[in-house]
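Below: one structure, written as structure tokens.
The values are calculated or read from the model by the stated rules, or taken from the named source; none is laboratory data. In this text, all values refer to a predicted model and were calculated from it rather than measured experimentally. Note: ideal-geometry Cβ built from the backbone for every residue, glycine included; neighbour counts use all protein chains shown. For the accessible areas, the whole protein counts, side chains as well, though only heavy atoms, and no ligand, DNA or RNA atoms are used. Shrake-Rupley method; radii C 1.70, N 1.55, O 1.52, S 1.80 Å.
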Amino acid sequence: MPLSPQIYRSILDGLHEAVLVIDAEGYVCFSNARANVIFGDPLGENWRSSGDAQRQWLDHHLRPLNASETPLERLQAGQVLQAEELILVDGDHQNPRWVAVSGGPAPGQPAGGIVLTIQDISPYKHREAALLKQAFHDELTGLPNRSLFLDRVSHALARAQEHPGLLMALLFIDLDRFKVVNDNLGHGVGNQLLIELGSRLRAALRPEDTLARLGGDEFAVLIEDIPTGSSAIAIAEQLRSVVTQPFQLQAQDVYIDASIGIALGPGNYDSPDLWLRDADTAMYQIKDMPTQGWHIFDSSLQIQQDQRLQLEIGLRQALTKGELRLHYQPIVTISNQTITGFEALVRWQHPTRGLLPPVDFIPIAEETGLIIPLGWWVLEEACRQMQIWTSKYPAMAAFTVSVNMSSKQFTQPNLVQNVGEILSRTGFDPHRLKIEITEGVLIDNSDTIITILHQLKAMGIQLLVDDFGTGYSSLSYLHRFPFDCLKIDRSFIENADQDFEKLEILQSVVRLAWNLGLDVVAEGIETSKHYAQLKALRCELGQGYLFSRPLAPDAIEAMLVERLGHPLAVQPSPSVSTLQNSATPYADSPTTQLP
Ligand code: C2E
Ligand code: MG
Ligand code: MG
């Protein structure tokens, strides 16, 4: 028996899908009850013209479809759609719904008429998303898990093939002492710590970096674009500082630490597992150097090719392994050649390359900020050594020590406080300390620098402009800064014996310094001719190979013992430490004898 139109209607109204028949002009010829639910009740007659402003179609990236891409347009252009998944939102982007759209030409309609069905699949999509999250995320912290992490790493490797030259880093973070927290405070507290740590690490990274919890107390980070290997180290240090901040758990401060293994990529890696394994290996190597907290997997291609990075890594380790040394170069009173003090000059006893001069590592220390810890080490070591010598050799009780400070150190807000702490820790008399800074420091931060220099001076420290004449060479600004002394650059002394103009400059610098009430030190005195010239100019102090090269502390001691006789028996006098007519057998190269 044929069904009546009412029966058809109620069958269609009972369907879970929206069913619409639309003619070639865009008029809705038929819509069932469900269509009115999905599109709002009542559905406008001309859906094409009235509907577009009220709702929008988005693809699964949430990108709005343009007019020709909408299902209606495509169907009317004769296409057939089969359960195409799209997102439908209201005109004001409210009420997003996932829908599956199917359709094609409407049977029994003139050309251009279409029938389409739309199924609301939002509940299914939400379930799918939850399952995906479960499968790819760590339940405790909500971070990506190992599977998702490895998936992201393989995408990164694929991307690297398209963009050769990209430098990436994979960091493997393993917590130290987490087991102690778990055992003593219970798993609940341990979990709290992991959750908090997860969000701290996340906040310390950029949104585009991937952070995952691999399991237990292991986390991993993928950084897909870093400028240099040093940046990976900087990130590791930043993450470590986040880990070592105390955790407030059960009304107490809980401290943990982390070991971070770094493997740079993409290198030759063709599998994400191998890359992760190398970061893991690097992490295990830290156990041999507990103070450092991070380690770079060093057989990776990048490291072998990057000498600068090797140097940086080595220098960081030099600081923690105690490979830095100070050599001391005597500074003498030119008129009578007695030693008045030393300049402390840093060297690096490199494990394979031998003793390195500052030119080989100071520039990189400046670039990476390592000059700051290095500079503090130098100051403390120089003060400590001077105190030892002072108590051992009374003749040295008035000797000064000059320490070089980099402009980077002057950007530290606690510079004055640190200097004060070092002086009180070592017990060294501030009046015997000279700080050498180059003209660059003054130009770089002249606003704040004056205050700092005045504070240092108020402590009794003497201030000296180093390498004078190489920078801005302007005496005019000097009176703005509270300097005690000018150190004329070697280049002026070098040529003064041949170049009359240089000699004239030298002469006027000495004279102007006097007018400003500053002492003058000449550096780089290598020949007796230099010496005679400076003596004639009545320059007070000098330093150079003619008197002595910079020497290791034991060589300095041996030289002094020789000059002063038995040190404990000798009282200081202006001439006892004279260098005149005495060879220095301990110099790292022969010292010229004065005529
Ligand atoms: P500077 O402060 O101007 O130190 C003087 C440099 O001249 C030293 O080189 C010294 O060995 C060298 N010199 C001394 N007398 C003569 C001479 O008669 N002839 C020649 N040709 N050279 C002479 P060094 O030890 O290689 O240090 C080079 C520079 O490295 C220093 O120049 C200073 O700018 C920097 N430096 C050294 N130690 C430190 C430090 O602890 N901290 C900082 N920030 N810089 C340092
Ligand atoms: Mg110097
Ligand atoms: Mg100098």
Legend entry - Alpha-carbon Rg with Dmax, taken over region 5-126, Å: 13.6, 42
Legend entry - Dimensionless Rg over Rh [region 324-582; C-alpha; Kirkwood]: 0.95
Legend entry - Cα-projected label distance for Asp273 with Ala532, points at 7 Å along beta-carbon direction, nm: 8.0 nm
Legend entry - Estimated FRET transfer efficiency when R0 is 51 angstrom, pair Asp360-Asn36 (beta carbons, to 0.05): 0.05
Inset, instruction - Using only Cα atoms, tell me the angle between helix 446-458 and the longest principal axis of the chain; keep it within 0 to 90° and round to the nearest 10. - result: 50 degrees
Legend entry - lysines with Cα under 27 Å of Lys125, excluding same-chain neighbours fewer than 8 positions away: Lys133
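Can you give the local net charge around Lys125? Use residues other than it whose beta-carbon is closer than 15 angstrom to its beta-carbon, Lys and Arg +1, Asp and Glu -1. The partial results should precede the final answer.
On the way: positive: Arg97, Arg127, Lys133; negative: Asp59, Glu84, Glu85, Asp120, Glu128.
Neighbourhood net charge equals -2.
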Legend entry - Computed label-point distance, nm, for sites Ala397 and Tyr284 using a 7 Å Cα→Cβ extension: 6.0 nm
Inset, instruction - Could I have the simple spin-label model distance between Thr352 and Ile388, label points 7 Å from Cα toward Cβ, reported in nm to one decimal? - result: 3.0 nm
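Given the Cα-Cα distance of Glu504 and Asp13 and 0.36 nm per residue of separation, how much length would full extension add, in nm?
Gain on stretching Glu504 to Asp13: 166.1 nm.
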Inset, instruction - Report the longest stretch of the chain that contains none of the trypsin sites (Lys or Arg not before Pro) sitting in a DSSP loop with at most 13 other Cβ atoms within 10 Å. - result: 354-537
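For Val19, what is the net charge nearby, where nearby means another residue's Cβ is under 14 Å from its Cβ and Lys, Arg count +1, Asp, Glu -1? Please list the in-between numbers first.
Details: positive: Arg9, Arg34; negative: Asp13, Glu17, Asp120.
Around Val19, the charge tally is -1.
R0 = 35 Å: FRET efficiency of Gln79 with Ala129, Cβ-based, nearest 0.05? Mind showing how you got there, number by number?
Numbers: r = 29 Å, r/R0 = 0.82.
Taking R0 as 35 Å, the efficiency between Gln79 and Ala129 is 0.75.
For the chain, what % of the accessible area comes from carbon and sulfur atoms, probe 1.4 Å? Don't skip to the answer; put the middle values down first.
Numbers: 14810 of 27990 Å².
Ligands and nucleic acids excluded, carbon and sulfur reach 53 percent.
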Inset, instruction - Report the local net charge at Ile235: Lys and Arg +1, Asp and Glu -1, summed over other residues whose C-beta lies under 10 Å from its C-beta. - result: 0
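For the chain, report the accessible area per residue in Å² (1.4 Å probe, heavy atoms, rounded to an integer). Walk me through the intermediate numbers first.
Details: 27990 Å² over 595 residues.
Ligands and nucleic acids excluded, the figure is 47 Å² per residue.
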Legend entry - Accessible area (Å², 1.4 Å probe, nearest 10) - Cys29: 70 Å²
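Once the Cβ-Cβ distance between His60 and Ile195 is put in as r, and R0 is 30 Å, what FRET efficiency do you end up with, to the nearest 0.05?
Numbers: r = 31 Å, r/R0 = 1.02.
For R0 = 30 Å, the calculated efficiency reads 0.45.
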Legend entry - For a label point 7 Å along the Cα-to-beta-carbon line of Ala458, residues of region 401-426 with backbone N under 16 Å: 414-421
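Would you calculate, for the chain, the mean residue ellipticity at 222 nm contributed by helices, counting each DSSP H stretch of 4 or more residues as -39,500 (n - 2.57) and dividing by all residues, to the nearest 500? Spell out each step's value before the answer.
Values: 20 runs with 234 residues, N = 595.
Mean residue ellipticity, 222 nm, calculated: -12000 deg cm²/dmol.
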Legend entry - Separation between Cα centres of region 224-291 and region 342-370, rounded to whole Å: 26 Å
Inset, instruction - Whole Å is fine, so just give me how far the alpha carbon centre of region 189-207 lies from that of region 132-152. - result: 15 Å
Inset, instruction - Mind grabbing the accessible area of Ser508 for me, 1.4 Å probe, Å², rounded to tens? - result: 50 Å²
Inset, instruction - Relative to the longest principal axis of the C-alpha atoms of the chain, give the angle of the C-alpha long axis of helix 122-136, reported between 0 and 90° and rounded to the nearest 10°. - result: 30 degrees
Inset, instruction - Mind grabbing the base-10 log of I(q)/I(0) for the chain at q = 0.09, 0.12 Å⁻¹? Debye formula, identical points on the C-alpha positions, no solvent, two decimal places. - result: -0.87, -1.16
